[in-house]
Amino acid sequence: MNKKERIQGVQVIEVVQVKYLRGSGSEKDPVREVIQYWDLSGKLLAERDSTLIEQTTTNMPDDLRSFYERYFL
């Protein structure tokens, strides 16, 4: 049986985007850009840490890394 995924709705909402630098500058904790998205009531919705993305993609096969970078970065 094929599972079909259907969009149940789309909504444009207001969020606050915060960009800042994180890290001490050491090899284990390099300085990098972090982007956070917050709702207007102060709840953290998502965070994008560039070091975590690099760690995630390091051991990926080239074709998968290319797909990931194209659609998720």
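The values are calculated or read from the model by the stated rules, or taken from the named source; none is laboratory data. Please read these numbers as outputs of a predicted model, since none were measured by experiment. All Cβ positions, even for glycine, are placed from backbone atoms using ideal geometry, and neighbour counts span all protein chains on display.
Specify which of the listed residues (R6, R48) is at pLDDT 85 or above, among the charged types (D, E, K, R) and surrounded by 10 or more Cβ atoms within 10 Å (Cβ to Cβ). Working first, answer last.
Working: R6 fails: surrounded by 10 or more Cβ atoms within 10 Å (Cβ to Cβ).
Just a single option satisfies the conditions, and that option is R48.
Of the residues making up the stretch 18-35, those that are surrounded by 10 or more Cβ atoms within 10 Å (Cβ to Cβ), in contact (Cβ under 8 Å) with a residue 12 or more places away in the chain and out of contact with any helix residue (DSSP H, G or I) (no Cβ under 7 Å at 6 or more places or on another chain) number 5. Please find, within the stretch 10-30, the residue that is nearest to S41 (Cα to Cα) out of those that are in a loop (DSSP other than H, G, I, E, B) and among the β-branched types (V, I, T). Step by step, filter the stretch 10-30, then rank; the result is V15.
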